[in-house]
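Every read-out reported here was derived from the displayed coordinates using simple, explicitly stated rules and does not represent laboratory data. Worth saying up front: this structure is predicted, and the values here are computed from it rather than measured.
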Amino acid sequence: MLSPRSHALLSALLNGLAEHRHLLTLHTGHPASTVVDRAEGDFTVEHAAVVERLCAALAEGAPAAVVLRSFTDRVSHTLADGTAIPAEVVRGWTAGGGALLPLDEARMFDAHCTDAASGEPLPPERGVVYADAPEIDLTVFRAL
């Protein structure tokens with residue numbers, strides 16, 4: 001079950017996005033992920049503790065990074081067994097000083113398409129579009 005702060009944070013984070021199914025990955029020393037489904041203003045969250053940890057990082061002003069993979073209704077490709085793979089939109093933010101600071105498309109592309117060990121470029125993931133992250137209004141989150 002989501003706390004009121006977690007609900008307010010997800011509302012702010014997903015506000016204006018067309019997609020309804022997301023994979024939220026939080027990096028605060030070690031990564032943790034959760035699936036978030038949005039329907040009619042409410043959320044189903046696989047691991048609420050991940051969102052609560054993001055709330056705590058924002059409240060404490062701790063450094064963190066958020067990557068949001070949003071699954072579209074478009075089919076990127078179909079596997080040999082007939083499984084349709086949805087196209088994805090990947091956006092990201094850094095957290096610091098109690099705010100979520102949007103990353104642009106180029107930074108997201110570089111982060112996901114560069115080998116961490118060698119620095120060599122990697123091909124983009126099939127069916128993935130890297131996008132500018134929107135500004136996030138945390139007014140309601142901060143009021144709780």
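Below is a table of values for the structure above.
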quantity	calculated
Base-10 log of normalised Debye intensity for the stretch 54-108 (one unit scatterer per alpha-carbon) at q = 0.23, 0.31 Å⁻¹	-0.83, -1.09
Prolate/oblate/rounded label for the stretch 4-143 (Cα gyration tensor, a/c 1.5)	oblate
Candidates Pro134, Pro63, Pro123, ranked by Gaussian network fluctuation over the chain, Cα under 10 Å, top entry	Pro123
GNM result for the chain, Cα springs below 10 Å: residue of Glu60, Glu88, Glu52 fluctuating most strongly	Glu60
